[in-house]
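**Q** Once you've had a glance at the structure underneath, I'll fire off some questions.
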Amino acid sequence: MSSTVKPFKKVLIANRGEIAVRIIRSCKELGIETVSIHSTADEDSLHVKMADESVCIGPPKSAQSYLNIPQILSAADITGADAIHPGYGFLSEDDEFSEMCAKWGITFIGPSPECVRKMGDKIESKILAREAGVPTLEPIYVKGKDLEEIKKEAKKMGYPILIKASAGGGGRGMKRIESEAELPDTLARLEVEAKNAFGDGTLFIEKYVQNPRHIEIQILADKHGNILHLGERDCTIQRRFQKILEESPSPVLPEKTRKEMCDASIRLAKAVGYDSVGTVEYLFDQDDGRFYFMEMNTRIQVEHPVTEQRTGIDLIAEQIRVAMGHKLTIKQADINFRGHVIEFRINAEDGKTGMPSPGAITHYHRPGGLGVRSDDFIYTGYTVPPYYDSMVSKVIITADSREKCLARGMRALNEIVVSGIQTNIDLHKKIISHPDFIANRYSTNFLTKLHE
């Protein structure tokens, strides 16, 4: 594969919040001008203030603003942007948006539409993974089967099982069920939800792994066939399949398994001709030491700073350079993994129930000191709108060891102040001081047990 280098003069960020701020910072270091877009609800957001230019693209609802492709492309056109960075969420894994960008002569900073399409379909991606020699759980495909046939196969698989939407992602479109009695209603409900949320009601079923860790491998690839891995992140601490804390290296992953996961991820990336940053996600069964491919995210991840802190590599800058057509300037042997890193997602929510808590921030003080990084977009006097994801900040802790990382993390969590709204800061303190978390005796259902 070959590509001509096309330097960017101006990048439009088709996103909001902390990821928009993060992208603006990397663009500034690369000498690239930036354009922010915003809804009327986000006119006072930090990403609007930091960009060189800003365009209001619609009212608060995402469908009329951050998901409004004609408005976003028009904003790029009138500002003369020659590239669009989608961040994560919203249109970041929309192959039609990527193709529309190309038709308008604008570079989409991400993988090719073909890669997005292949990996966005959970069923097709698992077939491709198996063909590439990547371990997967054997699925039950719902499409074309009657209820009795599905019941028979599910009974043979054994409960509990996990029903998934093929087009789902980000923790959405999944439901664990414990018995056959729940199957009919759950299938019907999830199909409707998947159609409404993703435009595709296709479902499949997998065996629910009882004691898993959620491990993901960061991939970096260019348009010249060069592919690297940047190690793993352990994303096991979740609420309703949504990650809230990530760390690297995984404290439970054997070195042999780590290498197998990284090698498998590169094989899959090569098989689909991957050409950007991406993440391959796995379930690691702590009972038998086996791992299984779940999905590949064809975008930058929320938790990418964890990898940046361990490697010293600016993933956003590399993603932009790759989109320009540059070859990777680093080789696998050049990557130096250092220390231990933990990221805390600070959400505007009730820490016990997870219910969002939008509103005015009367005082904000970010933590600091050695080994503490804050990626945020809030400030004293800012009002968190009720229309979008509840995450308002990420606190990333780096230290020589996990023990020191936890101590530094507790210090930072005690230092941060977000007044006027509820947050999950106290929940994070409870997590990292829990004996099972400290001793690595936990799985993806840790928070469920914590609240029992």
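The values are calculated or read from the model by the stated rules, or taken from the named source; none is laboratory data. Everything quoted here is computed from the prediction, not taken from an experiment. Note: ideal-geometry Cβ built from the backbone for every residue, glycine included; neighbour counts use all protein chains shown.
**Q** Can you tell me which residue is nearest to the chain's Cα centre (by Cα) among those in the range 199-228 that are farther than 16 Å from Lys164 by Cα and in a loop (DSSP other than H, G, I, E, B)? Before you say what the answer is, go through the steps one by one.
**A** Kept after step one, since they are farther than 16 Å from Lys164 by Cα, are these residues of the range 199-228: 210-228.
Keeping just the survivors that are in a loop (DSSP other than H, G, I, E, B) gives 210-211, 222-226.
Details: Gln210: 23, Asn211: 22, Asp222: 20, Lys223: 22, His224: 25, Gly225: 24, Asn226: 23 Å.
In this case the residue turns out to be Asp222.
**Q** Further question: Any chance you could count how many residues in the range 165-187 are surrounded by fewer than 16 Cβ atoms within 10 Å (Cβ to Cβ), more than 28 Å from Asn297 (Cβ to Cβ) and not charged (D, E, K, R)?
**A** Going through the range 165-187 one residue at a time, the tally reaches 3.
**Q** What pairs come up if the first residue lies in the range 55-67 and is under 10 Å from His38 (Cβ atoms) and modelled with pLDDT under 95, the second is crowded, with 18+ Cβ neighbours inside 10 Å and of a type in the set (Phe, Trp, Tyr), and their beta carbons are under 6 Å apart, counting only those six or more places apart or on different chains?
**A** Listed by first residue and then by second, the contacts come to nothing, as the list is empty.
**Q** For the range 424-442, what are the residues that are of a type outside the set (A, V, I, L, M) and either farther than 16 Å from Gln238 by Cα or surrounded by fewer than 21 Cβ atoms within 10 Å (Cβ to Cβ) (or both)? I'd like the intermediate steps shown before the answer.
**A** Just the residues of the range 424-442 that are of a type outside the set (A, V, I, L, M), to begin with: 424, 426, 428-430, 433-437, 440-442.
Hits for the range 424-442 are Asp426, Lys429, Lys430, Ser433, His434, Pro435, Asp436, Phe437, Asn440, Arg441.
Every residue, every condition in (1) part of a helix (DSSP H, G or I); (2) surrounded by fewer than 16 Cβ atoms within 10 Å (Cβ to Cβ); (3) out of contact with any Gly (no Cβ under 7 Å at 6 or more places or on another chain), yes or no:
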site	(1), (2), (3)
Ala75	yes, no, yes
Glu96	yes, yes, yes
Cys101	yes, no, yes
Arg117	yes, no, yes
Glu124	yes, yes, yes
Gly144	no, yes, yes
Lys155	yes, yes, yes
Ile163	no, no, yes
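**Q** Within the range 271-281, does at least one residue satisfy the condition of being on the phi < 0 side of the Ramachandran plot and over 18 Å from the mean Cα position of the chain (by Cα)?
**A** Among the residues of the range 271-281, at least one is on the phi < 0 side of the Ramachandran plot and over 18 Å from the mean Cα position of the chain (by Cα), which makes the answer yes.
**Q** Does Asp400 qualify as being modelled with pLDDT of 95 or more, of a type in the set (Asp, Glu) and more than 19 Å from the chain's Cα centre (by Cα)? Break it down into steps so the answer makes sense when it comes.
**A** On the way: modelled with pLDDT of 95 or more: yes; of a type in the set (Asp, Glu): yes; more than 19 Å from the chain's Cα centre (by Cα): yes.
The answer is yes for Asp400.
**Q** Quick one: which helices (runs of 4 or more DSSP H) sit completely within the range 250-343 and have at least 3 residues that are among the small types (Gly, Ala, Ser) and touching a residue at least 12 places away in the same chain (Cβ under 8 Å)? Let's see the steps before the verdict.
**A** Working: elements: 255-271, 304-311, 315-324.
Here the list reads 255-271.
**Q** Give the range 7-32 a look and list any residue that's part of a loop (DSSP other than H, G, I, E, B), surrounded by 13 or more Cβ atoms within 10 Å (Cβ to Cβ) and more than 19 Å from the chain's Cα centre (by Cα), or say none.
**A** Of the residues in the range 7-32, the ones part of a loop (DSSP other than H, G, I, E, B) are 7-9, 14-16, 30-32.
Pick out the ones that are also surrounded by 13 or more Cβ atoms within 10 Å (Cβ to Cβ) and you get 7-8, 14-16, 30, 32.
Of everything in the range 7-32, those that are part of a loop (DSSP other than H, G, I, E, B), surrounded by 13 or more Cβ atoms within 10 Å (Cβ to Cβ) and more than 19 Å from the chain's Cα centre (by Cα) turn out to be Pro7, Phe8, Leu30, Ile32.
**Q** Could you figure out which of (1) within 21 Å of Ser62 (Cα to Cα); (2) in contact with a strand residue (DSSP E or B) (Cβ under 8 Å, 6 or more places away or on another chain) isn't true of Tyr388?
**A** Of (1) within 21 Å of Ser62 (Cα to Cα); (2) in contact with a strand residue (DSSP E or B) (Cβ under 8 Å, 6 or more places away or on another chain), only one is false for Tyr388: (2).
**Q** Sort out which residues of the range 362-382 are farther than 13 Å from Ile416 by Cα and out of contact with any helix residue (DSSP H, G or I) (no Cβ under 9 Å at 6 or more places or on another chain), and write them in order of number.
**A** Within the range 362-382, Thr362, Gly381 qualify.
**Q** In the range 385-441, which residues are touching a Pro at 6+ places or on another chain (Cβ under 7 Å) and part of a helix (DSSP H, G or I)?
**A** Arg402, Ala412, Glu415
**Q** Answer yes or no as to whether Gly369 is outside any strand (DSSP E or B), within 22 Å of the chain's Cα centre (by Cα), touching a residue at least 40 places away in the same chain (Cβ under 8 Å) and surrounded by fewer than 21 Cβ atoms within 10 Å (Cβ to Cβ).
**A** On the way: outside any strand (DSSP E or B): yes; within 22 Å of the chain's Cα centre (by Cα): no; touching a residue at least 40 places away in the same chain (Cβ under 8 Å): yes; surrounded by fewer than 21 Cβ atoms within 10 Å (Cβ to Cβ): yes.
No.
**Q** Still on this structure, please answer the following. Residues that are under 16 Å from Gly354 (Cα atoms), over 22 Å from the mean Cα position of the chain (by Cα), modelled with pLDDT of 95 or more and in the same structural domain as Pro358 (by TED's automatic domain parsing): does the range 405-421 have at least one?
**A** Here is the first cut: in the range 405-421, the residues under 16 Å from Gly354 (Cα atoms) are 421.
Filter again for over 22 Å from the mean Cα position of the chain (by Cα), leaving 421.
Among the residues that remain, those that are also modelled with pLDDT of 95 or more are: 421.
If we keep only those that are in the same structural domain as Pro358 (by TED's automatic domain parsing) too, we end up with 421.
The answer is yes, given that some residue of the range 405-421 is under 16 Å from Gly354 (Cα atoms), over 22 Å from the mean Cα position of the chain (by Cα), modelled with pLDDT of 95 or more and in the same structural domain as Pro358 (by TED's automatic domain parsing).
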